[in-house]
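Remarks on the structure that follows.
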Amino acid sequence: MRRIYFDNNATTSVAPEVFEAMRPYFVEQYGNASSIHWFGQQARAAVEAAREQVARLLNARSNEIIFTSGGTESDNTAIFGVVGAARSETKHVVTAAIEHHAVLHTCKALEKRGVNVTYVRVGSSGVVDPTDIQRAIRPDTVLITVMHANNEIGAVQPLEEIGCIAREAGIPFHTDAVQSVGKIPVDVERLGVDLLSLSAHKINGPKGAGAFYLRRGTVLRPLLYGGHHERDRRPGTENVSGIVGLGKAAELARSQLAEEAERVARLRDQLEAGILDRVPLATVTGDRARRLPTTTNIRFDYIEGEAFVIAMDLRGIACSTGAACSSGAVEPSHVLTAVGLTPAQARASIRFSLGRFNTADDVEEALRIIPAVVEQLRAISPHYKEQVVARQPSTAGKSI
Ligand SMILES: *Cc1c(COP(=O)(O)O)cnc(C)c1O
């Protein structure tokens, strides 16, 4: 069966160029980058070349890039690191209700340690209002952390405005840019961020590799202790092949960013328009203009998202639901409820996220399958039947 992958916000495939760049660092140039012999020197040179590649993508200096195991570790290090280094008696953090769990759960952990956290709300657009950030700031605010692009609905946040507010208040500003890096322009100077998290596997690099940007002069307490790797910010023998893969993925993304963004946006728009055209009671969630080119989140009222994902999977198409399965129960997504959806609406929501290897054929094939799957699921929904009955007075009262 031909398989189609529309779940690129969850992870992406490693690009062939990236895989080829990584290959030598497993079996030939396998040195420890801290060793002084030839093997070590090869590894060190590769790590430093990758640091340059990542820095260039962000308009940063290479000595402001610190490699980690991925987006989650970068978020944790940035948040715990800045809050831990702050010297005020009481501490307060400003963040947004729509953050990824890597930020949200880190903030929850801070709360258990006595730190106060404000979770700024968003409207139906999914975009944070900078004046709400301004209003949330207190004399003891030690960090503002707001994501760049949301992973579930793609909403792009007004970081430039928030960056200005943070700078004026003298508060360090972190952003989780895992979803935006490599897909839309990310310039740490223009955005005014002091720390920024990214991950290789969301941009056709390998899993388990990531980095964060740390503006020169930003004080940070490391999360881990050990050797002097990464300028004491992140000890541990470098994941050389992973770092090389991240560097190559960053270079690849940078060299094709504008064309690729336009190409993927066109496919996403065709998919979205095709669905809205063919499927009744389908609605796009969030602001359609301020959005990643890769993402659409569509609500099909009267279906269960999980059932949809399974039915699509049986037909060879991978997508995802806004509901996250935790401890066996299907909980509605905190992002979808934050933008005003009811739990039932959140559970009826499907995310299609496109990437580098999707084609127009993928979209056509999906548009052939989706209307039938939605119809099939609605046919077994008691609520949908009631709704149909209510809209057709001639059959009201009869069971169908
Ligand atoms: C995937 C993702 C993360 C986590 O990154 P990992 O490398 O998988 O740990 C964090 N934030 C956002 C917005 C993400 O999409």
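The values are calculated or read from the model by the stated rules, or taken from the named source; none is laboratory data. In this text the structure is predicted, and so the values were computed from the model without any measurement. Using ideal geometry, Cβ is built from the backbone for each residue, glycine included, and neighbour counts are taken over all protein chains shown. Just the protein is used for accessible areas: all its heavy atoms, side chains included, with ligands, DNA and RNA removed. Shrake-Rupley method; radii C 1.70, N 1.55, O 1.52, S 1.80 Å.
Tabulated values for the structure
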{"quantity": "Relative contact order (%) - criterion: Cα under 8 Å, at least six apart; region: the chain", "calculated": "21"}
{"quantity": "Options I133, N63, G163, ranked by Cα towards positive dipole end of the chain, top entry (Cβ charges)", "calculated": "I133"}
{"quantity": "The range 16-255: C-alpha gyration tensor shape, a/c 1.5 cut-off, then a/b vs b/c", "calculated": "prolate"}
{"quantity": "Probe 1.4 Å - accessible area at D129, Å² to nearest ten", "calculated": "70"}
{"quantity": "Tilt relative to the chain, helix 305-314 - C-alpha long axis, 0 to 90 degrees, to 10", "calculated": "90"}
{"quantity": "Point-to-point label distance, A10-R138, nm (Cα→Cβ direction, 7 Å offset)", "calculated": "3.9"}
{"quantity": "Given K108/K202; K91/K183; K112/K202, the pairs whose alpha carbons are separated by over 28 Å", "calculated": "K91/K183; K112/K202"}
{"quantity": "L257 paired with A45, simple spin-label distance in nm, labels 7 Å along Cα-to-beta-carbon", "calculated": "2.8"}
{"quantity": "Full-extension gain in nm, F19 to N116, via 0.36 nm per residue minus C-alpha separation", "calculated": "30.6 nm"}
{"quantity": "From phi via Karplus (6.51, -1.76, 1.60), per-residue ³J(HN,Hα) for the range 344-361 in Hz, x at Gly/Pro", "calculated": "5, 5, 4, 6, 8, 9, 10, 9, 10, 10, 9, x, 3, 9, 7, 10, 4, 4"}
{"quantity": "H105-I369 pseudo-label distance in nm [points 7 Å out on the Cα-to-Cβ vector]", "calculated": "3.0"}
{"quantity": "Hydrodynamic radius of the chain per Kirkwood, over alpha carbon pairs, in Å", "calculated": "22.3"}
{"quantity": "Max mean-square fluctuation residue, GNM over the chain, Cα-Cα springs under 10 Å, options D140, D194, D176", "calculated": "D140"}
{"quantity": "Highest average packing first - 200-212, 261-273, Cβ atoms within 10 Å", "calculated": "200-212, 261-273"}
{"quantity": "Extension gain, F26 back to D277 (0.36 nm per residue minus Cα-Cα distance, nm)", "calculated": "85.4 nm"}
{"quantity": "For the chain: accessible area per residue (Å², 1.4 Å)", "calculated": "44"}
{"quantity": "DSSP beta bridge pairing in the chain, given as percent antiparallel to the nearest 5", "calculated": "60"}
{"quantity": "Anisotropy class of the range 50-172 from Cα gyration tensor, a/c 1.5 cut", "calculated": "rounded"}
{"quantity": "Within-9-Å neighbourhood charge of V103 [Cβ basis; K, R +1; D, E -1]", "calculated": "-3"}
{"quantity": "Nearest 10 degrees, 0 to 90: helix 240-278 Cα axis against the chain principal axis", "calculated": "20"}
{"quantity": "Accessible surface of the range 16-255 [probe 1.4 Å, protein heavy atoms]: carbon and sulfur percent", "calculated": "51"}
{"quantity": "Gain upon complete extension [F357, H383; 0.36 nm per residue less C-alpha separation]", "calculated": "5.6 nm"}
{"quantity": "For the chain, built as a Gaussian network whose Cα springs stay under 10 Å, the top-fluctuating residue of T237, T295, T72", "calculated": "T237"}
{"quantity": "Acute angle (nearest 10 degrees) that the helix 101-112 long axis makes with the longest principal axis of the chain, alpha-carbon atoms", "calculated": "70"}
{"quantity": "Neighbour-limited loop hits for chymotrypsin sites (Phe, Trp or Tyr not before Pro), the range 6-65 (at most 15 other Cβ within 10 Å; DSSP other than H, G, I, E, B)", "calculated": "Y30"}
